[in-house]
Structures are given as C-alpha cells and as structure tokens.
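The values are calculated or read from the model by the stated rules, or taken from the named source; none is laboratory data. Just so you know, these numbers come straight off a predicted model, no measurement behind them. Methodologically, a virtual Cβ is constructed for each residue, glycine included, from the backbone with ideal geometry; neighbour enumeration extends over all protein chains shown. Areas reflect the complete protein model, heavy atoms only, side chains present, ligands, DNA and RNA absent. Shrake-Rupley method; radii C 1.70, N 1.55, O 1.52, S 1.80 Å.
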Amino acid sequence: MYAEEPPIGFDIVEIGEVQDGWEDTWRDFHHGIVVGRLWVGPPWDTAPAGALSVVIDPGRAFGTGAHPTTRLCLELLQDVVPSSLVDVGCGSGVLSIAAARLGFAPVSALDIDEVALEVTAANAATNGVELELVTEPPPAALAVMNIALDVVERVLPELPVERAIVSGYLERDEPLAPGWHGVERRVRDGWAADLLERG
Ligand SMILES: C[S@@+](CC[C@H](N)C(=O)[O-])C[C@H]1O[C@@H](n2cnc3c(N)ncnc32)[C@H](O)[C@@H]1O
C-alpha cells in the first residue's frame, strides 16, 4: 500500500519541535474537492450548492478523496449505472459513501484494518448513509477496489461480482486478471484506474 500524498508547502521542522498553529495549518491544507457530481471534503469546509456531498474527517484511515487513485475511482463510479456494490479496502469509507450518494444500493464495505472499519462506520453515520460492514465480499453487481496491483490481481478471481473498478497502481501497470477484460481506463498524475468486466 502507498502513503497518502504529503502536504505540499509545509516548512520542515526538527523532530520533536511542534509548530504553533499546526492544527490550523492542517485544516488550511485540507479542503474539499469536486469530482463530477460529487464534493468530497472535511467537516470544516462547505460543499458547493447542488453537489452530492461526502464529508470525510481526515483521520486515522486512508482516503480523504484527494489521492489520484481515489479520484479516478470516484470518476468511474459516475460512469456506470448504480447497482449493488462492494468496496474492498474501504479505508475511510470515502468510496462507499460516495457510491451510496450516487444511488448504489446495497453498499457493503470491508477492510483488513479494524481501524478502517471503525472510521468507515463513523463517516457513514456523519453522512447519514447506510452501509453494511462485512468480513467477506457478498455477491454484488460491482466491486470497487483501490488497494495495490498485487492485491487487486490476487483478489479479483475470487470476487463474486461481474464488474470491478480497480486502482492503486501506476499508469504503466495493468492488472493481470485472467477471465476479465478492460472496459474503460482513466489516468491521473501517473496513476491509473480500470473498469473491468468478466468475460
Ligand atoms: C489505498 S487505501 C484505499 C482507501 C479508500 N478505498 C480510497 O479509495 O481512498 C487501501 C485500503 O485497503 C486495505 N487493504 C489492504 N489489503 C487489503 C485486503 N487484502 N483486503 C481488504 N482490504 C485491504 C487497507 O487497510 C486500506 O484501508
């Protein structure tokens, strides 16, 4: 797994030194982004009128929406007809919550990280959306999986779904997924996401 992009523009400080006002600096850095019909942002920012809002407190789990791979998945989610969905590697729950906002239902979410599940549940409650937290992927029409190339390749064959939006890898990479073919590819800042279909 990769780390979320580092904040650009922070001064480098010595280890152990705490800058005054760091909380405000953190908040200044985190503001909402618009991806198609969706706005994804922190609780201290405001969604533009008419946008489908996804409020994510940048906390302990990955997924503020700002990473290129998350954005690419958010774009691809808007290119398909809403259906049942399972979010594998939900992190903060950003993709599950966005999917629920877009009309996907039922939406199930799972992660190997307990903290991610707690954060997803809290974010779902903040956004007033219904998600099912699961330990195994249930049958669904679509999966979304923004993890890493090796995990995507390992998990895809076992997923009880017909279509999958996958990401977490670079533009030069393409998932090796026997029994699946590519329907659409999006790239951003050197990262890629694919909509795949069985067959
Ligand atoms: C890059 S984050 C993506 C978070 C969020 N879905 C997003 O798009 O911003 C990947 C998440 O996948 C989880 N993860 C890693 N390997 C996994 C696996 N084999 N099964 C389920 N979740 C996994 C990690 O714990 C992490 O929360």
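Kindly provide the set of residues from segment 48-99 that are open to solvent by 10 Å² or more (accessible area, probe 1.4 Å), touching a Ser or Thr at 6+ places or on another chain (Cβ under 7 Å), more than 7 Å from the ligand (Cβ to nearest atom) and of a type in the set (A, V, I, L, M, F, W, C), ordered by number. If the condition is that a residue be open to solvent by 10 Å² or more (accessible area, probe 1.4 Å), touching a Ser or Thr at 6+ places or on another chain (Cβ under 7 Å), more than 7 Å from the ligand (Cβ to nearest atom) and of a type in the set (A, V, I, L, M, F, W, C), then Val55 is the only one that fits. Across segment 134-145, the qualifying residues are those that are open to solvent by less than 30 Å² (accessible area, probe 1.4 Å) and over 13 Å from Ile112 (Cα atoms), and the one among them that is nearest to the ligand (Cβ to nearest atom) is Val144. Here Glu153 passes the criteria (1) over 17 Å from Leu77 (Cβ atoms); (2) touching a Cys at 6+ places or on another chain (Cβ under 8 Å) except the one numbered (2). All conditions but one from (1) touching a strand residue (DSSP E or B) at 6+ places or on another chain (Cβ under 9 Å); (2) among the β-branched types (Val, Ile, Thr); (3) more than 8 Å from the ligand (Cβ to nearest atom); (4) under 23 Å from Val155 (Cβ atoms) apply to Val119; the one that does not is (1).
In the condition set (1) at pLDDT 85 or above; (2) closer than 22 Å to Ala122 by Cβ, Arg27 is compliant with all but (1). Listed conditions (1) part of a helix (DSSP H, G or I); (2) over 21 Å from Gly65 (Cβ atoms); (3) among the β-branched types (Val, Ile, Thr) are all met by Thr135, apart from (1).
There is at least one residue in segment 158-167 that is within 16 Å of the ligand (Cβ to nearest atom), closer than 22 Å to Leu52 by Cα and part of a strand (DSSP E or B). The set of residues in segment 156-176 that are closer than 19 Å to Glu136 by Cβ and either of a type in the set (Ser, Thr, Tyr) or surrounded by fewer than 18 Cβ atoms within 10 Å (Cβ to Cβ) (or both) comprises Pro157, Glu158, Pro160, Glu162. Among the residues of segment 30-42, is there at least one that is open to solvent by less than 10 Å² (accessible area, probe 1.4 Å) and farther than 30 Å from Glu197 by Cβ? Within segment 30-42 (the criterion being open to solvent by less than 10 Å² (accessible area, probe 1.4 Å) and farther than 30 Å from Glu197 by Cβ), the answer is yes, since at least one residue qualifies. Here Gly179 meets each of (1) without any contact (Cβ under 8 Å) to a residue 60 or more places away in the chain; (2) away from the ligand (no atom under 14 Å from the Cβ); (3) open to solvent by 70 Å² or more (accessible area, probe 1.4 Å) with one exception, condition (3). Kindly evaluate Asp113 against the criterion of being within 9 Å of the ligand (Cβ to nearest atom), touching a residue at least 24 places away in the same chain (Cβ under 8 Å), charged (D, E, K, R) and open to solvent by 20 Å² or more (accessible area, probe 1.4 Å). Yes, satisfied.
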